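Here the structure comes first, spelled out in structure tokens, and everything after it is commentary.
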Number of protein chains: 2
Amino acid sequence: MATATEANALGYNLKVDYVIHYSFGDSDQAQAIAQLEKLLRTLANVGLQSEVRQGDEASLLVFVRASKRRLNRAVYRSRVRDWLYGIRNAEPEPASSIEPQNEAERLRVINHMITLPSEEGGAGITPNHGEWKNITGLLPLHDEETNKKWLHEWSQKTFLSEEDLDQIRDKFGESVGFYFSFLQCYFRFLIFPAVFGFSCWFLLGGYSIVYTLVNSLWGIVFVEYWKRKEVDLSCRWQTKGISAVRTNRREFKPEKEVRDEGTGEMRGVFPATKRMQRQLLQIPFALVSAIGLGVIIATCFAIEIFIAELYDGPLKSYLIFIPTILVSALVPTMSAVLMSIATKLNDYENHETNDAYDTALTRKVFVINFITSYLPILLTAFVYVPFASHIVPYLDIFRLTVRPFVSKEHATADCSSFKIDPHRLRNQVIYFTVTAQIVGFAMETIVPYIKQHALREYKEYNKKRNGKSDKDSPERSPIMAYDDPVEEKEFLKRIRNEVELPVYEVTDDLREMCIQFGYLALFSPTWPLVPLSFFINNWIELRSDFFKICKEFQRPTPLRCDTIGPWLDTLGFLSWVGSITSAALLYMFSGDSQTGPNGQPTDIKGWALLLVIFFSEHLYLIIRYAVQTAMNRLEPPNARKERGERYLMRKRYLESTLQAEANEEPAEKDPVSETPSELTRTALEEDARRNSGHSADPAERFWMRQRGWSESAKVGTGIILAQTSKGDNAKKQQ
Amino acid sequence: MATATEANALGYNLKVDYVIHYSFGDSDQAQAIAQLEKLLRTLANVGLQSEVRQGDEASLLVFVRASKRRLNRAVYRSRVRDWLYGIRNAEPEPASSIEPQNEAERLRVINHMITLPSEEGGAGITPNHGEWKNITGLLPLHDEETNKKWLHEWSQKTFLSEEDLDQIRDKFGESVGFYFSFLQCYFRFLIFPAVFGFSCWFLLGGYSIVYTLVNSLWGIVFVEYWKRKEVDLSCRWQTKGISAVRTNRREFKPEKEVRDEGTGEMRGVFPATKRMQRQLLQIPFALVSAIGLGVIIATCFAIEIFIAELYDGPLKSYLIFIPTILVSALVPTMSAVLMSIATKLNDYENHETNDAYDTALTRKVFVINFITSYLPILLTAFVYVPFASHIVPYLDIFRLTVRPFVSKEHATADCSSFKIDPHRLRNQVIYFTVTAQIVGFAMETIVPYIKQHALREYKEYNKKRNGKSDKDSPERSPIMAYDDPVEEKEFLKRIRNEVELPVYEVTDDLREMCIQFGYLALFSPTWPLVPLSFFINNWIELRSDFFKICKEFQRPTPLRCDTIGPWLDTLGFLSWVGSITSAALLYMFSGDSQTGPNGQPTDIKGWALLLVIFFSEHLYLIIRYAVQTAMNRLEPPNARKERGERYLMRKRYLESTLQAEANEEPAEKDPVSETPSELTRTALEEDARRNSGHSADPAERFWMRQRGWSESAKVGTGIILAQTSKGDNAKKQQ
């Protein structure tokens, strides 16, 4: 509390725009000093003012502030660029009268001033990379006052308003704004299935065909609505088409330099075909992931079934936890290994732009997440239930492990007496959609917060102890740690903490939401309360994610975007797969014993199951097509507004062109007011004869026959009169 | 022959740009004359010169030519518009130095001068519509000389070159250009399956799994390649994004007038939701089409089977033609009825733009075409073969019809002795892919040509007879029919013929090709020679279609487009359905009797069939996704060129902006060259104290501590020295 009010007393973050964290720990003195001087000179060169303070034992904090004039020029340059790429409609006003529109634009432009290469007008400072690898952080400062106010306000209302989302975007930039908008939109959409699911659960129980159909339709509408909403938001936030402005990856290694024929510039090229060959490695990667994780999950699953349903020996109540412990230990380890393989593969693919790199990585990460999240339930539904009676006898191998400890006869129940647990599937779905969500929330928000504070306490304690032991030493440096001016003490303490925080990645939060949507699409017919659980969960999620960004991460540098990117495809894919799994679940488990197989494997007919899947999937695709077509018709309001503006601009330009023409006009003789000379047949024929003599060009002779429109009209009138009278005569004769 | 050379002697079409066909037959004299005058005055107003000649008995020909200056201005206006809509990259040069780039642009712009409403700078003449409904035609004139030359050249080569296609586009506009490019691309792609299919047929026979897989893959690659090619062509022909410039439909009936908030203009609105409700009528329409055509086709099919395989009575060799005759008579009739319903439905949907109207109509037409083209084969493959033994007994009803004529016992073979004709499916596929193509060619190209000439002969003969009878009548008008100047005689005769020709619709030809592609995708595993047949057919098709456009239709008004439009979706759809039907055909008919059912209905297993379909379809979708992703990576050459141009333009602009800034620079004091005052610790502290007294703003105090980057550097150096020496001391102490 004290920190925030004091910061306020000191003024809003002391007008600091960015803090550069400069670590000199691992380089020698002279080099560190030279590098620091270079840094400060370069910053000054692009018009950034700096102040240096001590960081921790081996680092400095360089505070950066942009001069108003240079900032305005940078904003102007950035807007001109946007205009040239078609992101802005109107040409920006001149640099002198420009202001950053909001904090996000200000911070983004200053970030560009620091990081862009010098030929694009920046200082060319690349944190953690190349010659600037001593710079371990580049971050704006949290506005704690505002953050706290918002968090307080939001905890008292159900929905965030459009203005709240605009404010998030103004503070944290479009990419974070898009995440919160998505979360808010998803949350709002969940109301319907939450209510409907609750009613279905109450009235019809699980596996109701009505719920399944409605849920699938809801999924389609939600995904398509969000696509439309993305367009709307990108128009509202003026980022439509931002993906056209691609930023090149620094790590990209071109194979050769090629002179571009169109532009005449040298540029690094890496052949697309070669990259595609490398991307083929994704196939073995997916197989390895599936096998690696699949074996772990399936084995633990088998052990669990063995212990829960076959084993009957001593210590059963303790042994039952073994599979859970194994899964909790092995799956994250395996995932981490696979993740590092995925990152290596992605680096090896050598993408040219950051967008391409992120998209490719997201796709690989999704494979791992799909397996870890959904495989356990899929195994239960489509392997355990239909094939358990065939598989369970093979679990005898575990008996060999057990035999040393217990006598054979009463150790395990007989295989023949084994019966499938009918509630297993539902319990598992409940576990993943309720328990796991709560655990996830704790792991992601509460645990790091506690860890952080504990770590700070520990550091403080350590320093105090060191300080005590230092007191005895005579040669204590006069500029000892944290010898700050009194009025800056609290401020610098806060900054030192912020610098230590990790960097926020919006894609992790998006992934979490997409995986959650997957449970809804794939398995919710089993237990129609799933959407209700998610509805409640997401109210908290939205607030806790904001809290997380404010407290547990560095303030993110604003990034622009016009979509949630590859996760959108993921949503569509999950909704599609849902149409298959829902139908299969419905066929296998629905109904009473007389109407369907109700989970009894003997009653499941292969052809019927496949036919149900075939119809469900194609019905899904047809409805999706219809919804897409319908959605495309309805123009989002901001898109319409944007189109209106563009239209007006065009119209104004065209009108000015027409005006310019009209001004030229008087010089030209008006062809309409032209009075034709008296026209007689003989005169005409004479004309023709005269012309045929004059001009050898038959085309000119043709066009000279009738001069002016009124001559043509007279000739035409003549023909009409002749023809109609002829027609009348013919009639009369008849 | 004579006509063409004579036209050449007269100069290229006498420099006529457009001919307006003005019919005065059904309006009274005075009105017709007034209307004609208005027409000519309006034309003159927008800068179009006109000449009037007689048409047939009840019409005039108004020849139109644009004045050079007005045309150039119109071209300029059109290009500015394109530039504003982002179709052109560079702002066009001023009107005075502009020229139409090619004939298509010239004709398109003149057409706009005639037809655009006056507020957009046109004459507002709308043929066949509203007050201009007397104008029954508006057409440019064929360039017979060139047409003939091209036809001759192309008949001697296998492939058209890029330049040939560019020439087509220059003459007939982009939409015709796109059709021929598509046809050429399809033809070129057919080489591979033609060769491969022939080899498979020779070595493996029908229903080979290798052929099916390759054919499906080929289909995917072709469709995706064409998508890419479309982008390439639209960049080459500068029409990329042309669909953004939507032309409003004249027939659109707004429900209400609404003031647009953005633009402040009144505009007609028809609610999208209402249109969607109307579009729901498509569902009953599709059902009616399916039932209507399905019943006809199925009945004829049943009769055919009855006669061919059960009936054994007299006149069998004649009766066998009955079903064919019935199909030939009823299906086109039913199609025509359905077509008129489709058009009415489409009108009722009240689309706002021409594009939307055409797309919606195409979709409806496709439903009809799909049924008439593929249903017969689908019936044979998926109803006749597996279920014939169940259905055939019901064909007894036809026996009742036959009974009156023949004695019962030897009239029909016994149902029990009935055996499925194993070659029926293949024969049917051969019929549709060879015979029907030849018949189609004849019906579409040769028959109309003969009919046309016969009609002309007949008219000529009729006129002569009338002329003879007229000779007796005394009051023959002096300006009697075809009383043309001698040198224009041949020219006017040709024009009178051209005016009578129907209007060319490129969509009909595209439909034909898409339906053809469908046979390949859906059924070619049955008879792998299908692609070879199409390859040969399409060599002729390309030439005959060109011949058709030149001889049997009015010269089309050039239209711009950047895609073959809805037919592209159709191709993708057919290729998808092909993945289902091919797999099913393969499973049902492939292999020897020991490995598969080989068409024996008893051996077909429902679950296996469905499983094969499921895998085939999803394999198809995965491969399509991979091919799409790969294709997106490879940038088409013209798109790259276009991007390069755009990049250069942007770079030039940005550089000039930077330059302007650099020129402003000297006014500002260079922060780097600033020499700091001597810096000591005491001086600094004094500064701080002084500042804290001066300024109450803590932020200002913060930023005043270090003046200039070199002061910051010194402070930083101090901290680094202190920290590193402290570290060293600590080490020493240890």
Original post:
With (1) surrounded by fewer than 17 Cβ atoms within 10 Å (Cβ to Cβ); (2) touching a Pro at 6+ places or on another chain (Cβ under 8 Å); (3) of a type in the set (A, V, I, L, M) as the list, and residue A:90 as the residue in question, which single condition is left unmet?
Top reply: (2)
Subject >> Residue that is more than 10 Å from chain A (Cβ to nearest Cβ), over 30 Å from residue A:80 (Cα atoms) and at pLDDT below 80, where the choices are B:698, B:676 >> reply: B:676
Subject >> helices (runs of 4 or more DSSP H) fully within segment B:105-224 counting 1 or more residues that are among the hydroxyl-bearing types (Ser, Thr, Tyr) >> reply: B:144-154, B:174-203
**OP:** State which residue pairs qualify: first residue in the same structural domain as residue A:496 (by TED's automatic domain parsing) and inside segment A:454-471, second residue modelled with pLDDT of 75 or more in any location, beta carbons under 7 Å apart, and separation of 6 or more residues or different chains.
**Re:** A:456/A:497
Original post:
residue A:714 versus (1) within 7 Å of another protein chain (Cβ to nearest Cβ); (2) modelled with pLDDT of 80 or more: which is the lone unmet condition?
Top reply: (1)
**OP:** Output yes when any residue across segment A:294-306 is loosely packed, with under 13 Cβ neighbours inside 10 Å and either more than 25 Å from the chain's Cα centre (by Cα) or free of Cβ contacts under 8 Å to residues at least 40 places away in the same chain (or both), and no when none is.
**Re:** yes
Original post:
Could you say which residue among B:121, B:130 is modelled with pLDDT under 85 and within 9 Å of chain A (Cβ to nearest Cβ)?
Top reply: B:121
Original post:
Which residues, taken from segment A:244-270, are within 13 Å of another protein chain (Cβ to nearest Cβ) and out of contact with any strand residue (DSSP E or B) (no Cβ under 9 Å at 6 or more places or on another chain)?
Top reply: A:244, A:245, A:261, A:262, A:263, A:264
Original post:
Within segment B:85-99, which residues are under 19 Å from residue A:654 (Cβ atoms) and more than 22 Å from the chain's Cα centre (by Cα)?
Top reply: B:89, B:90, B:91, B:92, B:93, B:94, B:95, B:96, B:98
**OP:** May I ask you to list the residues in segment B:44-71 that are in contact (Cβ under 8 Å) with a residue 24 or more places away in the chain, more than 7 Å from every other protein chain (Cβ to nearest Cβ) and not small (Gly, Ala, Ser)?
**Re:** B:46, B:48, B:53, B:56, B:61, B:62, B:63, B:64, B:70, B:71
Original post:
Can we say residue B:682 is within 29 Å of residue A:25 (Cα to Cα), at pLDDT 85 or above and surrounded by fewer than 20 Cβ atoms within 10 Å (Cβ to Cβ)?
Top reply: no
Subject >> residue B:86 vs. criteria in a loop (DSSP other than H, G, I, E, B), small (Gly, Ala, Ser) and away from every other protein chain (no Cβ under 13 Å) >> reply: no
Subject >> Filtered residue count, segment B:633-659, keeping only those that are in contact (Cβ under 8 Å) with a residue 24 or more places away in the chain, assigned to a helix (DSSP H, G or I) and touching a helix residue (DSSP H, G or I) at 6+ places or on another chain (Cβ under 9 Å) >> reply: 7
**OP:** Output the number of the condition that residue A:35 fails; it satisfies all remaining conditions of (1) under 23 Å from residue B:701 (Cβ atoms); (2) more than 9 Å from every other protein chain (Cβ to nearest Cβ).
**Re:** (1)
**OP:** Out of the residues in segment B:89-104 that are more than 12 Å from every other protein chain (Cβ to nearest Cβ) and part of a helix (DSSP H, G or I), state the one that is modelled with the lowest pLDDT.
**Re:** B:97
Original post:
Can you pull out the helices (runs of 4 or more DSSP H) entirely within segment B:294-381 that have at least 3 residues that are closer than 20 Å to residue B:570 by Cβ and in contact with a Pro (Cβ under 7 Å, 6 or more places away or on another chain)?
Top reply: B:354-379
Original post:
Which one of B:607, B:576, B:567 is at pLDDT 80 or above and either on the phi > 0 side of the Ramachandran plot or surrounded by fewer than 16 Cβ atoms within 10 Å (Cβ to Cβ) (or both)?
Top reply: B:607
Original post:
Out of segment B:258-286, which residues are surrounded by fewer than 12 Cβ atoms within 10 Å (Cβ to Cβ), outside any loop (DSSP other than H, G, I, E, B) and at pLDDT 85 or above?
Top reply: B:273, B:277, B:283, B:284
**OP:** Could you please give the count of residues in segment B:48-83 that are assigned to a loop (DSSP other than H, G, I, E, B) and crowded, with 19+ Cβ neighbours inside 10 Å?
**Re:** 1
**OP:** Could you list, in sequence order, all residues of segment B:309-326 that are closer than 25 Å to residue B:383 by Cα and touching a residue at least 40 places away in the same chain (Cβ under 8 Å)?
**Re:** B:309, B:310, B:311, B:312
Original post:
Checking residue A:18 against (1) closer than 30 Å to residue B:724 by Cα; (2) surrounded by fewer than 22 Cβ atoms within 10 Å (Cβ to Cβ); (3) more than 7 Å from every other protein chain (Cβ to nearest Cβ); (4) at pLDDT 85 or above, which single condition isn't satisfied?
Top reply: (2)
Original post:
Scanning segment A:498-545 for residues that are touching a Gly at 6+ places or on another chain (Cβ under 7 Å) and not in a helix (DSSP H, G or I), which turns out surrounded by the fewest Cβ atoms within 10 Å (Cβ to Cβ)?
Top reply: A:529
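The values are calculated or read from the model by the stated rules, or taken from the named source; none is laboratory data. Values in this document were obtained by computation on a predicted structure and should not be read as measured data. Note that we place each Cβ from the backbone using ideal geometry, even for glycine, and neighbour counts take in every protein chain shown.
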